[in-house]
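Nothing in this text is a laboratory measurement; each read-out follows from the coordinates by a stated rule. Being a predicted model, the structure only gives us computed values, none of them experimental. Cβ sites come from the backbone with ideal geometry, for glycine too, and all protein chains shown count toward neighbours.
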């Protein structure tokens with residue numbers, strides 16, 4: 001499945017959805033849908049995206065939080081799935097774009113390429129898991145992302161291709177400030 005097409009469908013009519021995107025392809029794919037003040041791009045810290053989403057979801061229970069991440073980031077963050085499962089934030093959805101590779105560092109195979117099952121890990125951590133390998137369920141998953149009872153883990157098997165990089169700002173301070181102003185957490 002084309003990951004960029006999936007991300008675009010999930011972010012259609014996004015409204016005030018708070019979006020956190022991990023290093024590499026997820027950031028490029030979210031930015032390709034249009035840079036937005038409510039996008040927070042994590043440029044480093046592999047493994048930090050799910051827990052950043054958890055922190056935001058707990059701090060802002062009145063807002064929907066969507067994390068767009070990859071298999072490499074989730075593999076580095078398996079412990080955070082357990083914490084998310086314990087905390088049970090109803091407003092959090094994680095979209096894992098699993099291409100079986102570490103695309104940000106040169107397409108080395110990840111553990112999912114060797115059979116590690118992130119959907120099973122998320123389910124064991126008490127997240128609601130939805131799996132998808134084509135675009136036929138995109139509208140259903142968009143509804144779930146925007147209004148479903150969380151925590152939700154959408155495991156998307158995507159193609160291991162190298163799409164054109166759409167690179168938003170890499171200025172971490174400016175991204176943080178813009179995000180906080182747009183989210184209403186900075187006066």
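Structural remarks
- Filter result for the condition that a residue is in contact with a helix residue (DSSP H, G or I) (Cβ under 9 Å, 6 or more places away or on another chain), surrounded by fewer than 24 Cβ atoms within 10 Å (Cβ to Cβ) and closer than 16 Å to residue 126 by Cβ, over 37, 93, 82: 82
- Complete set of residues in segment 148-181 that are touching a helix residue (DSSP H, G or I) at 6+ places or on another chain (Cβ under 7 Å), in contact (Cβ under 8 Å) with a residue 60 or more places away in the chain and either assigned to a strand (DSSP E or B) or within 11 Å of residue 40 (Cα to Cα) (or both): 152, 153, 154, 156, 168, 169
- Residues (touching a residue at least 60 places away in the same chain (Cβ under 8 Å) and part of a loop (DSSP other than H, G, I, E, B)) located in segment 50-87: 60, 63, 64
- Looking across 145, 58, one residue alone is surrounded by fewer than 16 Cβ atoms within 10 Å (Cβ to Cβ) and under 17 Å from the mean Cα position of the chain (by Cα). It is 58.
- Sole exception among (1) within 27 Å of residue 124 (Cα to Cα); (2) in contact (Cβ under 8 Å) with a residue 60 or more places away in the chain; (3) not in a helix (DSSP H, G or I) for residue 45, by number: (2)
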